[in-house]
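*Asks:* Before we start, here is the structure in question, set down as structure tokens.
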Amino acid sequence: MSTPVARSVPAAIRSVLARDRWALAGTVTVVVIGLVAIFADVLTAIEGHDPYTYDATALDPESGLPAGSFGGVSGEHWFGVEPLTGRDLFAIVVHGARTSFLIGLAATLVSIGLGVLIGAAAGYLGGWIDRVITWSADVFLGFPYLVFMIAIGAVVPVEFPRALLLIVVIGFFGWPSTARIVRAQVLTLKERNFVKAARVLGASPWQVFRTELLPNLWGPVLVMATLSVPGKIGLEAALSFLGVGVLPPTPSWGRSISAAIDWVRVDPAYLLFPGLALFAVTWGFNAAGDGLRDALDPRSVTRR
């Protein structure tokens with residue numbers, strides 16, 4: 001009975017990758033960094049170093065700076081080494097990709113899942129439920145959540161899994177923007193004939209949501225998720241930069257960037273590689289998401 005409103009998502013993805021070079025480049029960038037995160041252990045084994053082992057032989061004994069030029073970049077240390085510790089920077093960056101992707105994707109799933117359920121309930125049920133949810137979303141959007149995240153990170157015991165804490169906190173505060181967009185979509189969809197027909201035939205609200213509304217929300221939800229991931233990754237990096245994110249010795253781009261600030265004048269490579277990795281994944285998700293949003297925009301169908 002369900003009648004798709006938006007274009008087929010797989011067809012839209014193929015269309016945008018075929019005609020939009022920026023979206024294609026962004027998608028390739030995300031896929032490559034994702035593969036790096038998945039096969040981080042393999043890559044570091046090929047290079048011959050892990051992100052935890054200190055190596056004083058890779059340092060200048062007097063200054064503690066990496067021995068050699070450009071932060072100690074060599075055939076043995078592809079991205080150089082960390083000052084004072086001699087830890088391999090390539091291993092830190094590729095394992096940091098795993099940390100960032102895990103937290104970014106998982107937090108996005110939490111926020112998108114909550115946003116879709118809450119937004120659909122507000123739009124479909126209406127009444128006092130809609131008013132309470134809308135008011136709550138406005139409160140959350142104006143809430144200084146970064147300060148709250150810093151406070152939570154500072155008071156939670158170090159024994160608590162920090163990645164899980166970041167996923168829950170970042171994901172929880174991400175639902176309002178998704179809920180507002182889903183609510184607006186549902187308000188439009190519930191007036192369509194196929195939704196009214198399902199209600200007349202006796203379908204429950206959950207059945208209507210699952211069989212009639214949700215299939216027509218996949219396009220906007222996918223775009224929101226794609227554009228949301230870089231924000232979640234950047235937020236994890238920011239919290240780690242501030243010292244309340246992922247705890248050492250777990251590799252993290254944000255913590256590496258924070259530590260590199262003190263060395264940027266004498267060892268710019270220490271800041272360059274984790275900074276480029278964070279920039280690349282943020283740009284990749286945004287480029288892919290922008291292209292997908294244009295492809296799924298119903299107005300773009302008439303223009304083409």
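*Asks:* Classify region 1-154 from the C-alpha gyration tensor, please: rounded if a/c falls under 1.5, else prolate or oblate depending on whether a/b exceeds b/c. Don't skip to the answer; put the middle values down first.
*Replies:* Numbers: a/c = 3.74, a/b = 1.82, b/c = 2.05.
The shape class here is oblate.
*Asks:* A further question follows. Rounded if a/c is under 1.5, else prolate if a/b is larger than b/c, else oblate: which is region 208-257, with a ≥ b ≥ c the root eigenvalues of its Cα gyration tensor?
*Replies:* Working: a/c = 4.93, a/b = 3.52, b/c = 1.40.
Prolate, since a/c reaches 1.5 and a/b exceeds b/c.
*Asks:* From Cα pairs below 8 angstrom and at least 6 apart in sequence, can you work out the relative contact order of the chain, rounded to a whole percent?
*Replies:* Values: 452 pairs, mean separation 85.7, N = 304.
Computed value for the chain: 28 percent relative contact order.
*Asks:* Excluding Val94 itself, what net charge comes from residues whose Cβ is under 12 Å from its Cβ, given Lys and Arg +1 and Asp and Glu -1? Mind showing how you got there, number by number?
*Replies:* Numbers: positive: Arg98; negative: Asp41, Glu47, Asp50, Asp88.
With Lys, Arg at +1 and Asp, Glu at -1, the net is -3.
*Asks:* Would you mind checking the radius of gyration and Dmax of region 213-294 based on alpha-carbon positions, in Å?
*Replies:* Cα radius of gyration and Dmax of region 213-294 are 16.0, 57 Å respectively.
*Asks:* A follow-up question, please. Before I look further, what does region 179-304 give for accessible area per residue, probe 1.4 Å, in whole square angstrom?
*Replies:* Details: 6000 Å² over 126 residues.
Using a 1.4 Å probe on heavy atoms only, each residue of region 179-304 averages 48 Å².
*Asks:* Give me the distance in nm between label points sitting 7 Å out from Cα along the Cα-to-Cβ direction at Ile46 and Ala280, one decimal.
*Replies:* 1.3 nm
*Asks:* From the convex hull of the Cα coordinates of region 161-304, what is the mean projected area in square nanometres?
*Replies:* On the way: hull surface 48.0 nm².
Mean projected area for region 161-304: 12.0 nm², to one decimal.
*Asks:* Here's another thing I want to ask about it. Show me, for region 69-84, the HN-Hα J-couplings you get by feeding each phi into the Karplus relation (A = 6.51, B = -1.76, C = 1.60, θ = phi - 60°), rounded to Hz, glycine and proline as x.
*Replies:* Each residue's phi maps through the Karplus curve to give 8, 6, x, x, 5, 7, x, 8, 10, 5, 10, x, 10, 7, x, 6 Hz.
*Asks:* Near Leu213, within a Cβ-to-Cβ distance under 14 Å, what is the net charge of the other residues, with Lys and Arg +1 and Asp and Glu -1? Don't jump to the answer; show the numbers that get you there.
*Replies:* Working: positive: Arg183, Lys190, Arg192, Lys196, Arg199, Arg210; negative: Glu191, Glu212.
Every neighbour counted, the sum reads +4.
*Asks:* Compute a Gaussian network model of the chain, connecting alpha carbons closer than 10 Å, and tell me which residue from Thr57, Thr282, Thr44 fluctuates the most.
*Replies:* In this elastic network of the chain, the residue with the biggest mean-square fluctuation among Thr57, Thr282, Thr44 is Thr57.
*Asks:* Can you find, among Ser111, Pro230, Ile167, the residue sitting farthest towards the positive end of the charge dipole of the chain, where Lys and Arg contribute +1 and Asp and Glu -1 at Cβ?
*Replies:* Comparing the listed Cα positions along the dipole, Ser111 ranks first.
*Asks:* Taking the Cβ of Ser136 as the center, what net charge do the other residues with Cβ under 14 Å away carry, scoring Lys and Arg +1 and Asp and Glu -1? Intermediate results must be reported in sequence, preceding the final value.
*Replies:* Details: positive: Arg131, Arg180, Arg183; negative: Asp130, Asp138.
That works out to +1.
*Asks:* Now for a different question. Just the accessible area for Tyr54, please: 1.4 Å probe, Å², rounded to the nearest 10?
*Replies:* In the full protein context, Tyr54 sits at about 150 Å².
*Asks:* What does a probe at Asp55 reach in region 83-98, counting residues whose amide N is under 17 Å from the point 7 Å along Cα→Cβ?
*Replies:* Counting only backbone N, you get 83-96.
*Asks:* Counting only protein heavy atoms, what percent of the accessible surface of the chain is carbon or sulfur at a 1.4 Å probe?
*Replies:* Numbers: 10370 of 15210 Å².
Answer for the chain is 68 percent, counting heavy atoms of protein chains only.
*Asks:* Show the residues, 5+ positions off or on another chain, whose built amide H is closer than 5 Å to the amide H of Leu59.
*Replies:* Ala67
*Asks:* Okay, next question. In what sequence, largest accessible area first, do Trp206, Trp253 appear using a 1.4 Å probe?
*Replies:* Values: Trp206 150, Trp253 5 Å².
Highest to lowest solvent-accessible surface, that is Trp206, Trp253.
*Asks:* Moving to a separate point now. Which of rounded, prolate or oblate describes region 172-224 when judged by the alpha-carbon gyration tensor and an a/c cut-off of 1.5? Intermediate values should be presented prior to the final figure.
*Replies:* Details: a/c = 2.37, a/b = 2.11, b/c = 1.12.
In terms of gyration-tensor shape, prolate.
*Asks:* Take Leu296, Leu247 and sort them by solvent-accessible surface of the protein heavy atoms, 1.4 Å probe, largest at the top.
*Replies:* Working: Leu296 15, Leu247 50 Å².
So the residues, ranked largest to smallest area, are Leu247, Leu296.
*Asks:* Once you place label points 7 Å from the Cα toward the Cβ at Leu187 and Leu84, how far apart are they in nm?
*Replies:* 5.3 nm
*Asks:* Another question, then. How many percent of all Cα-Cα pairs in the chain sit more than 25 Å apart?
*Replies:* Details: 26359 of 46056 pairs.
Across the chain, Cα pairs with separations above 25 Å total 57 percent.
The values are calculated or read from the model by the stated rules, or taken from the named source; none is laboratory data. The shown structure was predicted, so the numbers you read here are calculated from the model rather than taken from an experiment. When we count neighbours, we look across all protein chains shown, and the Cβ atoms used for this are built from the backbone with ideal geometry, even at glycine. For the accessible areas, the whole protein counts, side chains as well, though only heavy atoms, and no ligand, DNA or RNA atoms are used. Shrake-Rupley method; radii C 1.70, N 1.55, O 1.52, S 1.80 Å.
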